[in-house]
Amino acid sequence: MKERPIIFSAESVRAILAGRKSQTRRVIKPQPIGFPGGPIPERGTYVFRYAGEHGDELKEIRCPYAVGDRLWVRETWIPDPPQDDSWDYYGFTDGEAYNFSALPKRFKKPAHVIYRASWNGPDLRWRSPIHMPRWASRLTLEVVESWPERLHDITEEGAIAEGCVPYIDPFENIQIISVTQIYAQLWEALNAKRGYPWDANPLVWVVEFKVGTL
């Protein structure tokens, strides 16, 4: 069992907290050009095809999200320790950046963090999920199952497990956009700028999880 960080958008975090999201899809890197074989159970690997210098090459790749692994969630955040005159609060904020070495250990916990996904007040100067340390994470996920598939192979059930909600026309009371279309729009918004648009149909790891304990 391994423990590693994983980044989620604020929308995904809200879906996890609401109990609607139990899957996530992550691009396989480096991206193969094909997936000719199934799993090799005794090795815990999958066979992928890559473009090699002298033609296509077959490689065995192990999924980085193994069953039983724990994923601690990184999300958009800011620290929120109290200004109680017992320590140098302004030395911590330092005007621009947060000096974490100056933060007392008793405040290094989720209770002293504001999360964008749960914040309903005015906009704040948020910190990127990349900079979230382990102590600030409020969500830990346990991998239940994982497998590779083409992005376009996602089913309606898979899109719902990704946290997508069917769009119902309020006047006709009918579903006018499929859940997979909604997921495609979300994927495009998050991944197109990273070089993996929906139309590219990349190979992805499908990671099924449950919420664990911190």
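The values are calculated or read from the model by the stated rules, or taken from the named source; none is laboratory data. Everything numeric here is computed off the predicted structure, so don't read it as measured data. Cβ coordinates were reconstructed from backbone atoms using ideal geometry, including for glycine residues, and neighbour counts include every protein chain displayed. We work out accessible area using only protein heavy atoms, side chains counted, and drop any ligands, DNA or RNA first. Shrake-Rupley method; radii C 1.70, N 1.55, O 1.52, S 1.80 Å.
Residue check: is G68 touching a strand residue (DSSP E or B) at 6+ places or on another chain (Cβ under 7 Å), surrounded by fewer than 11 Cβ atoms within 10 Å (Cβ to Cβ) and either touching a residue at least 12 places away in the same chain (Cβ under 8 Å) or among the β-branched types (V, I, T) (or both)?
On the way: touching a strand residue (DSSP E or B) at 6+ places or on another chain (Cβ under 7 Å): yes; surrounded by fewer than 11 Cβ atoms within 10 Å (Cβ to Cβ): yes; either touching a residue at least 12 places away in the same chain (Cβ under 8 Å) or among the β-branched types (V, I, T) (or both): yes.
Yes.
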Where Y90 falls short, out of the listed (1) open to solvent by less than 80 Å² (accessible area, probe 1.4 Å); (2) free of Cβ contacts under 8 Å to residues at least 24 places away in the same chain: (1)
Region 115-169 - residue that is out of contact with any Ser or Thr (no Cβ under 9 Å at 6 or more places or on another chain), in a loop (DSSP other than H, G, I, E, B) and of a type in the set (S, T, N, Q) and, of those, surrounded by the fewest Cβ atoms within 10 Å (Cβ to Cβ): N120
Lone qualifier among V165, V179, V143 - being closer than 20 Å to R26 by Cβ and in contact (Cβ under 8 Å) with a residue 60 or more places away in the chain: V143
Within region 34-55, tally of residues that are assigned to a strand (DSSP E or B) and either touching a Ser or Thr at 6+ places or on another chain (Cβ under 6 Å) or closer than 20 Å to E149 by Cβ (or both): 9
Criterion: more than 30 Å from P166 (Cβ to Cβ), β-branched (V, I, T) and modelled with pLDDT under 90 - qualifying residue of T93, T45: T93
Residue in region 4-15 that is assigned to a loop (DSSP other than H, G, I, E, B) and surrounded by 13 or more Cβ atoms within 10 Å (Cβ to Cβ) present: yes
Residue, nearest to the chain's Cα centre (by Cα), within region 177-214, restricted to residues that are aromatic (F, W, Y) and open to solvent by 20 Å² or more (accessible area, probe 1.4 Å): Y196
Candidates W72, W87, filtered to the one that is more than 19 Å from E3 (Cα to Cα) and modelled with pLDDT of 90 or more: W87
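Considering region 42-56 alone, what residues qualify as being without any contact (Cβ under 8 Å) to a residue 12 or more places away in the chain and open to solvent by less than 80 Å² (accessible area, probe 1.4 Å)?
Applying the first criterion (without any contact (Cβ under 8 Å) to a residue 12 or more places away in the chain) to region 42-56 yields 42, 52-55.
G52, G55, listed by residue number.
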